[in-house]
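The values are calculated or read from the model by the stated rules, or taken from the named source; none is laboratory data. Source: prediction; values computed, not measured. For neighbour counting, all protein chains shown are included, and Cβ atoms are generated from backbone atoms with ideal geometry for every residue, glycine included. Please note that ligands, DNA and RNA were not included when accessible areas were found on the heavy atoms of the full protein model with its side chains. Shrake-Rupley method; radii C 1.70, N 1.55, O 1.52, S 1.80 Å.
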Amino acid sequence: MIRGYFAVYYRELLIMKRRLPKMIATMSVSPLLYLIAFGYAMGGNVNVDGHSYMEFLIPGLIAMSSMTQAFSIASEINIARFYWHIFEEFQAAPINSFAYVLGEVCAGMTRAVLSVIVIILIGFLFGVSICINFYFIAAVLLNSFLFASLAVGMAMLVKSHADQAMFSSFVITPMAFLGGTFFPLDNLPLWAQKILSFLPLTHASNAIRKAAFGEIPEILSYIVLFFTGIIIILWAFWCVDKAKD
Amino acid sequence: MIKIENLNKFFKSFQALKDINLLVEKGELFAYLGPNGAGKTTTIKILTGLTKYSSGKVSLNGYDVKKEGLFAKEQCGVVPQSINLDQELTVFENLDIHGRLYKIPKKKRDFRINELLEYLEVADRKDSLAKQLSGGLKRRVMIARALVHSPRILFLDEPTVGLDAAIRKRIWAIIKRIQQDGATIFLTTHYIEEAEYLAQRVAFLNEGSIVENDTPKNLVDRMGAWAVDKVVDNQLKTSYYKKREDASAYTACQNTDCMLRRVNLEDSFLSLTGKKVK
């Protein structure tokens, strides 16, 4: 069923290898700016649940960055599909749609993990070290799995790059700010907390933050991320299959 | 062998292919000739599993494209109309990814890629990025890529479109060589001379229907061997003759400028459809 997925993944790895210095530079810019602006300048004297704001912020940035980087595979797929027509090469090959989805999801997850490593290293520069344990790794992988799957599905549904940018503006960017990355959701009214608890990123932020602090995260967050991810990857598979008008 | 039975394809209410029936024999070089928008690319996309069809039956070497899609895909190589090489990868990497998609073991894959690069005379550009190649080289690399898994059927969708005459002839020589090595070739083109030079059999496609299917020689012979073009009231009129002497005699007794030439597939297509291929 997944025969050939590695060829799809390997292609993305080759491209990543060729672009690695540029990618790392790009992955560093936003977290660095957020840390300087929110962590140093604004949050220097702020404490959240007994942690400095910088300690609070870094796990949030890890959640956000793993989401955005995993989702960025959508743009790559779009370019390959609309501009270079490389998607046709995969469609003509004797691999099924699921293998294609899996290959691209692995690529998205790899980008996400790379961005997480970059943020952890930047965190060290700012004097913040976090606890990297099983819970932390599991939350990062589930979050990136979910958003890479969403990226593959969306890349098949959109008809142009503009559609893709619109989806990012209306879904991904608001989620990045409201998913518990920059501020604790406990400060919000109850109704807002309830709405935001439906966002996968909220669960990812909570789980990553608790794990990074050396605490045991709520198992519910992992269940939500896992099952949402499964539903989305199945949907992505359907979207790829549907792309053969 | 390619077998198409009662194939229909609808894009919403528009019918792109109308009741297509075709049989391309093993080892045959078959040309699918028609103007832009006739349905040539749609047919290739259906045969290679890139597009679903509305009704009918399609098989490649006995494998049903719909029911046994993965087996059918293993039978064929595809060179699409648009350049679809990975521009950021080298020539070798492009072919290597293709080999991996077809699960060819590494040793065999490397050998085959090097062999093909030599065969298509692009071995010296093996480590060049695809984006650094000229249009003609890109086409040759695409043909090499389609051959990595040694397909028995090769689909070439307008393989020389946009190339200059010299490069086009070089590609033709390559296509002939591939066919002589035993592959079945299904070629779409709107270049008359390409179909005449390469194909053993030609099907004319017009507005989604096959209007004729025969050898180039038979198609041309039905018109007569010679044609005389003359302009009457700003319109081109063509008369056809079996013998050159008859055509020459007709030309001699005209008081307007006439042009005597050999009949080609364009004449045949024009007489059947009322329009030109190009």
Checklist outcome for this item: B:Y197 vs (1) hydroxyl-bearing (S, T, Y); (2) in contact (Cβ under 8 Å) with a residue 40 or more places away in the chain; (3) surrounded by fewer than 19 Cβ atoms within 10 Å (Cβ to Cβ): all pass except (2)
Item to check | Residue in segment A:71-85 that is nearest to B:K131 (Cα to Cα), counting only those that are outside any helix (DSSP H, G or I) and modelled with pLDDT under 90 | outcome: A:W84
Checklist entry - Is it true that some residue in segment A:34-56 is acidic (D, E) and surrounded by fewer than 18 Cβ atoms within 10 Å (Cβ to Cβ)? => result yes
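Looking at segment B:86-97, which of its residues are more than 8 Å from chain A (Cβ to nearest Cβ) and open to solvent by less than 20 Å² (accessible area, probe 1.4 Å)?
Here is the first cut: in segment B:86-97, the residues more than 8 Å from chain A (Cβ to nearest Cβ) are B:90-92, B:94-96.
Listed by number, the residues that qualify are B:T90, B:V91, B:N94, B:L95, B:D96.
Is it fair to say B:A247 is farther than 27 Å from B:K176 by Cβ, exposed (fewer than 15 other Cβ atoms within 10 Å of the Cβ) and among the hydrophobic types (A, V, I, L, M, F, W, C)?
Spelling it out, it is not the case that B:A247 is farther than 27 Å from B:K176 by Cβ, exposed (fewer than 15 other Cβ atoms within 10 Å of the Cβ) and among the hydrophobic types (A, V, I, L, M, F, W, C).
Tally up the residues in segment A:79-90 that are buried (at least 22 other Cβ atoms within 10 Å of the Cβ) and touching a residue at least 24 places away in the same chain (Cβ under 8 Å), please.
Of segment A:79-90, the ones buried (at least 22 other Cβ atoms within 10 Å of the Cβ) are A:80, A:89-90.
From what is left, the residues that are touching a residue at least 24 places away in the same chain (Cβ under 8 Å) are A:90.
Residues flagged as buried (at least 22 other Cβ atoms within 10 Å of the Cβ) and touching a residue at least 24 places away in the same chain (Cβ under 8 Å) within segment A:79-90 amount to 1.
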Checklist entry - In this structure, does B:P80 turn out to be assigned by TED's automatic domain parsing to the domain that holds B:T189, under 24 Å from A:G103 (Cα atoms) and either touching a strand residue (DSSP E or B) at 6+ places or on another chain (Cβ under 8 Å) or basic (K, R) (or both)? => result yes
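Inside segment A:4-18, can you point out the residues that are among the basic types (K, R) and open to solvent by 50 Å² or more (accessible area, probe 1.4 Å)? Step through it out loud before you land on a result.
Kept after step one, since they are among the basic types (K, R), are these residues of segment A:4-18: A:11, A:17-18.
Within segment A:4-18, A:K17, A:R18 qualify.
For the subset of segment B:150-159 comprising residues that are assigned to a loop (DSSP other than H, G, I, E, B) and surrounded by fewer than 23 Cβ atoms within 10 Å (Cβ to Cβ), which member is farthest from the chain's Cα centre (by Cα)? Let's see the steps before the verdict.
From segment B:150-159, those assigned to a loop (DSSP other than H, G, I, E, B) are B:150-152, B:158-159; that's our starting set.
Among the residues that remain, those that are also surrounded by fewer than 23 Cβ atoms within 10 Å (Cβ to Cβ) are: B:150-152, B:158.
Numbers: B:S150: 19, B:P151: 16, B:R152: 16, B:E158: 5 Å.
So the residue we want is B:S150.
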Checklist outcome for this item: Scanning segment B:200-237 for residues that are farther than 30 Å from B:K176 by Cα and either surrounded by fewer than 16 Cβ atoms within 10 Å (Cβ to Cβ) or touching a His at 6+ places or on another chain (Cβ under 9 Å) (or both) gives B:D229, B:V231, B:V232, B:D233, B:N234, B:Q235, B:L236, B:K237
Checklist entry - Of all residues in segment B:50-85, which are within 7 Å of another protein chain (Cβ to nearest Cβ) and over 26 Å from B:S134 (Cβ atoms)? => result B:L50, B:T51, B:K52, B:L70, B:K73, B:E74
Checklist outcome for this item: For segment A:111-131 the number of residues that are open to solvent by 40 Å² or more (accessible area, probe 1.4 Å) and under 26 Å from A:I232 (Cβ atoms) is 3
Next on the checklist: Taking the conditions exactly as written (open to solvent by less than 10 Å² (accessible area, probe 1.4 Å), of a type in the set (S, T, N, Q) and either within 16 Å of the chain's Cα centre (by Cα) or within 12 Å of chain B (Cβ to nearest Cβ) (or both)), does A:S66 satisfy them or not?
Outcome noted: yes
Checklist entry - If a residue has to be part of a helix (DSSP H, G or I) and open to solvent by 50 Å² or more (accessible area, probe 1.4 Å) to count, how many in segment B:63-85 make the cut? => result 3
